[in-house]
Amino acid sequence: MSSNTEITPAWHLFLFTLVGACSGLIYTVFKGDGEPLLASLGFSGIAFAATYCMICWLGDAFKRVGFKGRDRSKRDQREIPETMGAVCAVIYLFTMILFLPFPFYEYLVKSTSGGGNRDLTVEETYTGRTLHRFPHNKLGEYLSALLSLQSMAILGVADDLFDIRWRHKLFLPAIAAIPMLVVYYVDFGVTNVVVPFRLQPYLGQLLNLSWGYYIYMALVAIFCPNAINIYAGINGLEVGQSIVVASAIIANDMLYISVPGHPATSAHLLSLYFLVPFLGVSLALWLHNKYPSKVFVGDTYCYFAGMTFAVVGILGHFSKTLLLCFLPQLFNAAYSLPQLLHIVPCPRHRMPKFNPRTGLLHASTATFKSPPRPVIATILRLLSKLRLVQLHEQDGEIVECSNLTAMNLFLVHFGPMREDRVTEWLLGIQVLSCAVGLFVRHQLALWVFPHDNLRFSMGSFMPAAEAV
Ligand code: UD1
Ligand code: MG
């Protein structure tokens, strides 16, 4: 059976119209010195159309070279193309390269004294360039981010090909993050954090974490890709969660750029330049990956998506806000730790178990080959009393426990459920937690921090501090 998907006439018409409109938008921006963000929107629309079509066309080619996987939660367990995240990553990287001249175009061509004047305020070189005004630091940030994303996509493809061991792949994102961290050091270099009110008498207003801050950023780069990869296993969840998180960060960025003259505008613009095209390619992938999946995203997508978030969080100086959009993933990672550290057995797949008779998903289980140590057994029984894990005992010994993932915990609480329903619920929780995260960031943070940097006034703003 062919895995290539037909593009319907209605989709053909829609995609042609979209590409036409987006090309027009890019041309208008180019001709009229318009906002690069509008050009980014145009490129994102074209990236959406390209990703949608390429995924339709490449299914069989991917399967032929071994990029395929069984959909374990279906009766026929059919084999479908995997690693479609590679298509997203490649189209995304090309899009970002083609977009590159737009944010820097004004510096290359002309600079004015404002107020609509077209005069050149600095001396022109013979090419008409005003190179001494050129923001090399911004270009450095942009290129280093692309390099980190490219490394991550390569690692993802390698993982999909060779199934790299967890203990190895856990740390590889930190290496991929080095270009970006070096640019952060050279360009921004701020390693101060704002100290909460109550601790200020002891620690002062700002605390310099020095190299500890770089370790923290490397940990963010390790966490984001892996957290998405382990919060996976049902149709549409990997891309769905990434779309929700990207939308939340985009909304946060829009808040900042809507404040005229805000000092963080350029950082949030950079974040938008990276996230809007990401949303474009992800939406196209989601249309193919949502229940019932026609393709799988592969580890490539999880790593690429996670690294995109890490890049914008670090270079945009809002890594803590980013983590507030990752609350379900943070919970899932913390809850998974006993299995990841092999304190509790960890099977190769921890995704929920499909019951072909009822068509519903149940919490999957891990089997103890030998009874757990008394201290582990006591903790597991305590967690079981709190309904945080489901145990199966025989002759007073624990023989099985539900796999420690947020998805299984959800099924332990709410009982067996259809796969599409579980995805809908988990994505609903993601939307809610992102909204709560941003509310905490902009409202509740004022209880412990002196100010919310969104409501800046030149007098109160502390440029040397990282965002709260
Ligand atoms: C991670 C999880 C693993 C989970 C898997 C699912 C940890 C430590 N590892 O492993 O527990 O089972 O992701 O992605 O938490 N698949 C489906 N339906 C889907 C998505 C995936 O059946 O909607 C299956 C397919 O057979 C696919 C495979 O999962 O081939 C992909 O697994 P892979 O990404 O290689 O697993 P890991 O990332 O190593
Ligand atoms: Mg995976």
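No value in this document is a laboratory result; all are computed from the given coordinates. Worth saying up front: this structure is predicted, and the values here are computed from it rather than measured. Don't worry about glycine lacking a Cβ; one is built from the backbone with ideal geometry, like all the others, and counts go over all protein chains shown.
Of everything in segment 22-51 that is crowded, with 23+ Cβ neighbours inside 10 Å and aromatic (F, W, Y), the residue that is nearest to the chain's Cα centre (by Cα) is F48.
The set of residues from segment 44-82 being among the β-branched types (V, I, T) and farther than 23 Å from L15 by Cα comprises V65, I80. The residues of segment 331-347 that are in a loop (DSSP other than H, G, I, E, B) and either among the charged types (D, E, K, R) or in contact with a helix residue (DSSP H, G or I) (Cβ under 9 Å, 6 or more places away or on another chain) (or both), listed by number, are I343, V344, P345, C346, P347. Residues that are surrounded by fewer than 17 Cβ atoms within 10 Å (Cβ to Cβ) and hydrophobic (A, V, I, L, M, F, W, C) within segment 165-180 comprise W166, L170, F171, A174, I175, I178, listed in sequence order. Do the conditions hold for I80, that is, is it within 30 Å of T358 (Cβ to Cβ) and not in a loop (DSSP other than H, G, I, E, B)? The answer is yes for I80.
Only a single item in (1) within 16 Å of ligand 2 (Cβ to nearest atom); (2) touching a Ser or Thr at 6+ places or on another chain (Cβ under 7 Å) is not met by V220, and it is number (1).
Being away from ligand 1 (no atom under 14 Å from the Cβ) and not β-branched (V, I, T) narrows it down to one residue among G240, G298, G280; which is it? After applying the criteria, what remains is G280.
Yes/no matrix, rows are residues, columns are (1) surrounded by 17 or more Cβ atoms within 10 Å (Cβ to Cβ); (2) in contact (Cβ under 8 Å) with a residue 24 or more places away in the chain; (3) among the acidic types (D, E); (4) in contact with a strand residue (DSSP E or B) (Cβ under 8 Å, 6 or more places away or on another chain):
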site	(1), (2), (3), (4)
H362	yes, yes, no, yes
S384	yes, no, no, yes
H392	no, yes, no, yes
D395	no, no, yes, no
N403	yes, yes, no, yes
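Checking R350, R357 one by one, the residue that is of a type in the set (K, R) and either part of a strand (DSSP E or B) or within 32 Å of the chain's Cα centre (by Cα) (or both) is R350 and no other.
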